[in-house]
Each structure stands twice: as C-alpha cells, then as structure tokens.
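In what follows, a single structure is set out as structure tokens and then discussed.
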Amino acid sequence: MRSFVYTGLPSRVVFGAGAVAKLGEEVERLGAKRPLVLSTPGRAGMVAALTKGLRIAGVFDQVVMHTPLEAANQARKLASELDADCCIALGGGSTIGFGKAIALTSGLPVLAVPTTYSGSEMTTIWGISEKQTKRTGRDPKVLPKTVIYDPELTLDLPPQVSAASGMNAIAHCVEALYAHDGNPIVSLMAEEGIRALSKALPIIVSEPKNLEARSEALYGAWLAGATISTTSVALHHKLCHVLGGLGLPHAETHSIVLPHAVRYNYDAAREAMARVERALGAAPAPAAIYDLLAKLSLQTKLSDIGLKEGDLERAARIAAEAPYPNPRKVEYAPVLELLRNAHAGRRPT
Ligand code: NAD
C-alpha cells in the first residue's frame with residue numbers, strides 16, 4: 001500500500017425518510033436559538049411547511065444561482081440585523097452556497113437540508129461570483145456542522161434535473177478515484193457513490209417518486225460530495241470549468257464530457273477504472289458511462305447544449321495551458337480530439 005494522507009471532515013449526518021422532522025432538535029443540538037432559514041423562491045413553500053412550529057429568526061427566500069456577491073451581501077445583512085445564530089440552508093447547491101457565504105464572513109454555523117444531488121453540503125468549498133467571474137476557496141468555517149438528508153424532500157426534483165445532477169456527482173467520484181492526492185478511504189466512498197447513483201438514477205427517471213431509489217441517490221450524492229472535499233480535481237473538472245465559462249450549463253456539461261474524459265485517462269489510471277467498472281457493473285468504463293447517459297435520456301452531444309464548433313480549439317487551448325495533475329499528460333491535440341468527440345456525441349470505446 002502506498003503512503004497517503006486522509007483528512008476526515010467533522011460533520012454530523014442525520015439520514016432517512018422523514019428525518020427533517022428532527023430539524024428543531026438538531027438546531028437545539030447546535031446550541032442555536034435564532035436560525036435564519038435560506039431558500040430559493042421556488043422552495044419557499046417547502047420552507048413554510050417545514051418550519052411550522054419551529055422558532056426561527058427569519059427567512060431569506062431570494063437565493064439565486066452562482067452566489068452573486070450583491071445577493072450574498074443582502075443575506076449577510078439580514079443575518080446580522082436579525083442577530084441570527086445559525087443558518088438553515090434548505091435546498092440545492094445554490095442555497096447551500098448562500099449559507100456558506102454567510103458563514104465565511106460571520107462564522108455562523110450552517111445546518112444543511114439538501115434537496116438535490118450537488119454534494120455541496122459535504123465540502124469546505126465556497127464560491128462567490130462577481131462581475132462574470134466566480135471566486136472559489138476552501139475554508140473549514142463553511143462546512144455545514146449538521147446535514148439532514150431526507151429523501152422525501154427530493155421526490156419532486158424533476159427526473160431530468162435529478163439525472164444530470166446525479167451524473168455530476170458520479171463525475172466527482174470518478175475523479176476522486178484517480179486524484180493525485182486520493183487515498184484508500186476516499187476510494188471506498190467514491191466507488192460506493194458510483195454504485196449507488198448508477199443503480200438509482202435509471203429508476204428515478206422512470207419512477208420519480210420511488211423513495212428507495214431517491215434514498216440511494218441521496219446517499220450516493222453524500223458520498224460524492226465527501227470525495228471532492230478532500231481530493232483535487234483533474235482534467236474532467238477543468239474542462240467543464242472552461243466550458244462553463246463559455247456559458248454551458250453545469251450539470252449537463254459534466255454528464256456529456258465524463259465518458260470522454262474517462263476515455264482520455266483510461267490507460268493511465270487502470271486501478272481507478274477497474275473500480276469504476278466494478279461499481280457500474282459494466283465495462284469498459286467510457287462506453288458504460290456513455291450508455292448510462294443514453295439510458296437516462298440525457299444529452300450526449302456538446303453541440304446540443306450550445307457549444308459551437310468554432311469554440312472547440314479555444315477550449316482545448318485553455319484546458320491544456322494551465323498545468324495541473326492528471327493521470328495522463330494534458331496536451332492540446334488529444335484534448336481537442338476529446339472535445340470533438342464530445343461535441344459530436346460519439347460513443348467512446
Ligand atoms: P440549485 O440549487 O440551483 O437548484 C436548481 C433548482 O431546483 C432551483 O430552482 C431549486 O429551487 C430547485 N429545486 C431544488 N430542490 C428541489 C426539489 N427537491 N424539488 C424541486 N425543485 C427543486 O442546483 P444544484 O445543482 O443543486 O446546485 C448548483 C450550484 O451548486 C452551482 O452553483 C454549483 O457551483 C454549486 N456547487 C457547489 C459545490 C461546493 O462544494 N461548493 C458542489 C457542487 C455544486
């Protein structure tokens with residue numbers, strides 16, 4: 001066994017159908033008396049139902065995507081005006097992002113109740129966008145102290161959003177398996193995360209209200225979040241970041257690029273790929289991931305989500321310019337080939 005470093009992150013997880021009934025108890029356990037509840041306008045009804053009978057300081061239900069600084073500052077101001085002593089982030093990665101923004105400047109503890117598969121609740125990573133760019137960083141202060149996973153809250157997450165978000169979580173697990181700073185503990189979580197998500201997502205797409213599958217997917221999303229929190233990302237995430245800068249949607253881009261990024265690294269990360277194949281129950285990994293996308297009725301071509309052919313060379317150049325650890329050397333010509341294949345939606349072998 002190679003030597004390695006493992007960092008365990010201290011969060012308390014309460015998992016299960018109906019677990020959100022313990023919200024009051026968990027707030028109390030944090031020693032908080034004046035929680036500020038955060039949500040998107042779309043989840044405001046859920047907030048009203050779940051906080052009935054709970055003593056709260058107030059609600060900020062104006063969360064938007066990408067944590068724009070101005071909106072984050074409004075939430076921070078409200079937390080301070082209300083003298084809040086904790087934040088309850090009830091929603092997806094965007095809502096949890098607002099909780100982290102408040103925690104970053106105030107140190108307030110965050111209690112997260114995730115309703116998507118972003119995995120953000122398990123990470124120390126924060127992001128704030130300002131003037132078209134997103135600043136990100138890692139800070140232990142922003143890691144939610146408590147996470148309540150209640151699969152019942154995810155039953156209404158639309159099947160296609162669930163599928164793309166779940167594939168994004170699978171991408172976190174795959175890259176953790178070949179991360180230069182990976183370790184055997186994270187690999188256990190990553191393999192189990194891929195297994196759980198790839199088993200649950202096809203069921204969710206055909207039966208969105210299947211509680212068993214929803215539970216399995218949420219468990220996989222937790223594991224996926226835990227894997228990215230302590231390992232570095234590689235080619236796949238860097239490419240998706242570049243494509244995101246060109247205006248492509250986050251989760252869908254991850255889904256489409258993943259089989260091709262896995263093809264790129266396949267021969268250079270044999271042990272990781274064997275784990276991916278074991279978790280998926282199919283091989284070779286690039287084709288198996290591509291087939292999973294098709295099974296989930298997800299798009300398989302970058303051209304279908306708005307990437308223009310004329311942008312391929314520019315994206316390949318940006319991705320190849322900045323050096324970062326990746327199992328296989330990141331070079332312009334093969335990265336361009338990867339992007340061309342993803343653009344056209346070719347099935348990798
Ligand atoms: P999201 O939080 O923006 O949610 C998408 C939409 O779905 C919202 O309108 C929301 O109201 C709605 N929604 C949420 N839960 C629902 C439910 N159960 N039923 C019906 N509708 C529901 O999307 P997301 O994919 O969860 O998060 C994306 C954001 O999270 C991005 O900004 C990304 O950068 C960030 N993120 C951060 C980390 C991290 O570690 N910091 C990790 C992953 C993602």
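Brief remarks follow.
- Among Ile185, Ile228, Ile56, residue whose mean-square fluctuation peaks in a GNM of the chain (springs only between Cα atoms under 10 Å): Ile185
- When the charge dipole of the stretch 1-144 is built from unit charges on Cβ atoms (+1 for Lys and Arg, -1 for Asp and Glu) and taken about the Cα centre, the candidate among Met46, Leu30, Gly93 whose Cα reaches farthest toward its positive end is Gly93.
- A straight chain from Arg34 to Lys131 at 0.36 nm per residue would run longer than the Cα-Cα distance by 31.6 nm.
- Cut-off under 5 Å, modelled amide H: who pairs with Thr115 long-range: Gly91, Gly92
- In order through the stretch 5-13: 3J(HN,Hα) via Karplus (6.51 cos²θ - 1.76 cosθ + 1.60), integer Hz, x for Gly, Pro: 10, 10, 10, x, 9, x, 9, 9, 10
- For the chain, the longest piece that avoids every one of the chymotrypsin sites (Phe, Trp or Tyr not before Pro) found in DSSP loops with at most 13 other C-beta atoms within 10 Å covers 7-349.
- Computed from the Cβ-Cβ distance with R0 of 25 Å, the FRET efficiency linking Thr105 to Thr7 stands at 0.55.
- Karplus-derived 3J(HN,Hα) values for the stretch 138-151, using 6.51 cos²θ - 1.76 cosθ + 1.60 with θ = phi - 60°, are 10, 8, x, 4, 8, 5, x, 6, 9, 10, 9, 9, 10, x Hz; glycine and proline are entered as x.
- Partner aspartates and glutamates whose Cα lies under 17 Å from the Cα of Lys145, excluding those fewer than 8 positions away in the same chain, are identified as Glu25, Glu26, Glu28, Asp85, Glu121.
- Gyration tensor (alpha-carbon) shape descriptor, the stretch 128-169, a/c threshold 1.5: oblate
- Under 5 Å, built H, 5+ apart or other chain: amide partners of Val13: Val147
- Given charges at Cβ of Lys, Arg, Asp, Glu: the chain dipole, positive-most of Thr7, Leu157, Gly247: Thr7
- Rounded to the nearest 20 debye, dipole of the chain from Cβ charges on Lys, Arg, Asp, Glu: 300
- Full-extension gain in nm, Ile203 to Arg328, via 0.36 nm per residue minus C-alpha separation: 41.6 nm
- Expressed as a whole percent, the accessible surface of the chain that belongs to carbon and sulfur atoms is 52, based on a 1.4 Å probe.
- Per-residue ³J(HN,Hα) for the stretch 164-174, Karplus 6.51 cos²θ - 1.76 cosθ + 1.60, θ = phi - 60°, Hz, x for Gly and Pro: 5, 5, x, 5, 4, 5, 4, 4, 4, 5, 4
- Where both bridge residues fall in the chain, DSSP classifies roughly 25% of the beta bridges as antiparallel.
- Based on DSSP H segments of at least four residues, each scored -39500 (n - 2.57), the chain has a per-residue ellipticity at 222 nm of -16000 deg cm²/dmol.
- In this structure the amide hydrogen of Val59, modeled in the peptide plane, comes within under 5 Å of the amide hydrogens of Val37, none closer than 5 places in sequence on its chain.
- Accessible area (Å², per residue) of the stretch 11-131, counting only protein heavy atoms and a probe of 1.4 Å: 42
- With 31 Å as the limit, the listed pairs Lys209/Lys238; Lys77/Lys301; Lys134/Lys295; Lys141/Lys308; Lys22/Lys77 have Lys209/Lys238; Lys77/Lys301; Lys134/Lys295; Lys141/Lys308 beyond it between alpha carbons.
- Cα centroid of the stretch 278-349 to Cα centroid of the stretch 119-138, whole Å: 24
The values are calculated or read from the model by the stated rules, or taken from the named source; none is laboratory data. This one's a predicted model, so the numbers in the text were calculated from it and none came from an experiment. Positions of Cβ are generated from backbone atoms using ideal geometry, with glycine treated the same way; all protein chains shown enter the neighbour counts. Note: accessible area is taken over every heavy atom of the protein model, side chains too, but ligands, DNA and RNA are not part of it. Shrake-Rupley method; radii C 1.70, N 1.55, O 1.52, S 1.80 Å.
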